[in-house]
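Before any comments, here is the structure.
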Amino acid sequence: MFQNKKEKPLAKAQQQQPTKAATLQKPQSSDLLGASGSGNDYLIFGAVLVFVVVIILHKFVFKKGDTTGSNKGDQHGTAGFASLNEIKELTEENLTAGDVKIGEVKDLGVLTKLVRLPLELSLKHTAVVGPTGAGKSRGYFLPNCHDAGRSSFVATDPKSELWDETAYNNLNAVRFAPTDPNRSAAFNFVAYCKEVDFAENVAAAIVTGSGGNATGDSKFWSDAEEELMTGILLHIANSDAPTPTHLYNLLTSGIKRIAETLKNSEIQAARALVASFMESDKKNKSGIIQGLSGKLRFLNNPAIRRFTSSKLKPFDFKRLREKPVQVYWCLEQDEVKKLETLSTIFFSIVVTQLLKQKSGKIPVNLFFDEFANVGKIKGFANHITLLRGQGVAVSAGLQSISQIESLYGSVDCRTILDNFNNKLLMAGIQGETGEEFSRLMGDYTYTENTESFSESGSWLNKTVTKSTGVAKHARRLMTADELRRLNKKKVILISTNLRPVKMKKLKFQMSWSSLLKKFPFLKQFQFFNQQIDKMPKMAFQCGQEIPAPEYQRIEPATAKKKSYDDI
Ligand SMILES: Nc1ncnc2c1ncn2[C@@H]1O[C@H](COP(=O)(O)OP(=O)(O)OP(=O)(O)O)[C@@H](O)[C@H]1O
Ligand SMILES: [Mg+2]
């Protein structure tokens, strides 16, 4: 009865609208586009359905962030990954000068959005952490050097890949390549040392640039070497030939000549600084001189003498705050260790000059791809806190925390690490470093339903009682092991007071420049020629080495032969 009642109106409806039923069975294309009334209904219904699904997804999947574990409470912590809402400011459309790109996220599950640290955050310094091959260069330094736009930077380029693949895209790219003076600007580090603070910093870079904290005997030697070197730098910088070649000529002219020259220097500070050297015994004096000449032996290389001693006017890094200039410090991989002292001198001068620049509006980024290769910059733990106020952001590529520790010692390492307010983590981080970041990401409360059974009575009359409960534990958002096994395509940002942000790593594929380097035959095609035209024209070339004064050794007076009469 009930069934009949229901079927009747349907049958009636089918009889009354035969044409429409036929249309529904065999839809025309115009119906799909919404031309007919019923097609519209389907479309509207479909759209509403999609909208509802998207809202639900957004609310429950994306908005809540990517959190590990399912059951949550807050007794043991509330760690979780940041939602899209929480990082809204990092995903705004336009890049402005000084922003750095760090990754990508998907909005509504489909739209790719770039995540960047706006200037205010990037000035709080960034550590990019991952083992070799993790993608620090391709996923962070290359994309940011490529799109530096209206900002300035100074980048370490240990494989010359940054220069080759990004310089063509920058307005004022300058290359410093110590062993390639034909394609490099000149860098005369002595010319900066007219003032005591520069001379001190360069002397420290020469003596203790390879890192570690000197104690006991080694401190005695390093202090003595630094003092004498500061005196020599001040004397030479204020002479008529302020070049490293001149410095090296004096340094290798023997104890007596050095002492004689500095004693008669026109520079009072140089005279004062040599005083304690004069008082030490001959063995110590020769130890100090040998130590210093050993550290500057890279100046025996004719290419490096040309690179350092072909210009009297020093390059002014202060101007990076006034207009966008992109500086590349390029070394070949096998030179990195040998020229570590020169790298430390270079970056000590860059930092000292930038700290002295009070005016200028252009943001500057120090891109230390391989922070450990920069060596130990005197006072860096202090500088890093001041650089922010000067509009200078530091981005340091690190394989592990111990790299900072072995350079700066444990106390300064902590200060430096704490000053990297943004930490960008890549896959493969191991050991203590992984443990430290896992701790930093925090704990959340994991709630577990428990069940236990107890037995009572004799074996003939056994009763089994089941009790259920709820246990709450603290669990790391990501354990060190989970962090190590992070998907290679992902990166995690730990920044200021934000919850950790999980993103897709940026990609940087091969540029025209490196493509043409690899396949030179492509140059014969018009298209590739046009790309070559866009590449930087190397306006810099070191001139010839400026001749420097030679110093005659003062030979020691011939010792008087002892005779039996003297005894
Ligand atoms: N984001 C990425 N885009 C493109 N290629 C990548 C990316 N990440 C990793 N790779 C691949 O991994 C290789 C190593 O990446 P990269 O040189 O960036 O690592 P790294 O962390 O800088 O290593 P190292 O410490 O040795 O310099 C690249 O040659 C490339 O093939
Ligand atoms: Mg690299």
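Some notes on this structure:
- Failed condition for Cys145, given (1) surrounded by 14 or more Cβ atoms within 10 Å (Cβ to Cβ); (2) away from ligand 1 (no atom under 16 Å from the Cβ); (3) at pLDDT 90 or above: (2)
- Some residue of the stretch 416-432 being farther than 21 Å from Phe315 by Cα and without any contact (Cβ under 8 Å) to a residue 24 or more places away in the chain: yes
- Taking the criterion of being surrounded by 15 or more Cβ atoms within 10 Å (Cβ to Cβ) and among the charged types (D, E, K, R), the residues of the stretch 477-504 that qualify are Arg484, Lys488, Lys490, Arg499, Lys502, Lys504.
- Inspection of the stretch 310-317 identifies no residue that is closer than 25 Å to Gly133 by Cβ, in contact (Cβ under 8 Å) with a residue 40 or more places away in the chain and touching a strand residue (DSSP E or B) at 6+ places or on another chain (Cβ under 9 Å).
- The lone exception for Ser160 - which of (1) of a type in the set (Gly, Ala, Ser); (2) more than 15 Å from the chain's Cα centre (by Cα); (3) away from ligand 2 (no atom under 16 Å from the Cβ) it fails: (3)
- Residue ID - nearest to the chain's Cα centre (by Cα), chosen from residues in the stretch 198-220 that are part of a helix (DSSP H, G or I) and modelled with pLDDT under 90: Thr208
- Pairs with Cβ under 7 Å, 6+ apart, first in the stretch 349-371 and on the phi > 0 side of the Ramachandran plot and of a type in the set (S, T, N, Q), second assigned to a loop (DSSP other than H, G, I, E, B) and at pLDDT 90 or above: none
- Some residue of the stretch 477-496 being over 26 Å from Lys113 (Cα atoms) and either touching a Gly at 6+ places or on another chain (Cβ under 8 Å) or aromatic (Phe, Trp, Tyr) (or both): yes
- Single match in Ala474, Ala427 (criterion: surrounded by 12 or more Cβ atoms within 10 Å (Cβ to Cβ), at pLDDT 90 or above and on the phi < 0 side of the Ramachandran plot): Ala427
- Considering (1) more than 14 Å from ligand 2 (Cβ to nearest atom); (2) at pLDDT 90 or above; (3) in contact with a helix residue (DSSP H, G or I) (Cβ under 9 Å, 6 or more places away or on another chain), the lone condition that Ala396 does not fulfil carries the number (1).
- Residues that are farther than 21 Å from Lys378 by Cα and basic (Lys, Arg) within the stretch 395-454 comprise Lys423, Arg439, listed in sequence order.
Residue by residue, here is whether (1) within 30 Å of Thr252 (Cβ to Cβ); (2) within 16 Å of ligand 2 (Cβ to nearest atom); (3) assigned by TED's automatic domain parsing to the domain that holds Gly543 holds:
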position	(1), (2), (3)
Ser122	no, no, no
Gly133	no, yes, no
Gly139	no, yes, no
Asp164	no, yes, no
Ala167	no, no, no
Asn201	yes, no, yes
Val207	yes, no, yes
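- Test: residue in the stretch 403-410 that is away from ligand 2 (no atom under 16 Å from the Cβ), under 16 Å from the mean Cα position of the chain (by Cα), on the phi < 0 side of the Ramachandran plot and not in a loop (DSSP other than H, G, I, E, B): yes
- Residues of the stretch 411-462 classified as part of a strand (DSSP E or B) and either closer than 30 Å to Ser137 by Cα or among the aromatic types (Phe, Trp, Tyr) (or both), total: 7
- Flag for Ile377 being in a loop (DSSP other than H, G, I, E, B) and buried (at least 22 other Cβ atoms within 10 Å of the Cβ): yes
- Entirely in the stretch 463-526, the strands (runs of 3 or more DSSP E) that have 3 or more residues that are polar (S, T, N, Q): 463-476
The values are calculated or read from the model by the stated rules, or taken from the named source; none is laboratory data. Note that this is a predicted model, so its numbers are computed, not measured. Here Cβ is always computed from backbone atoms with ideal geometry, including for glycine, and neighbour counts include all displayed protein chains.
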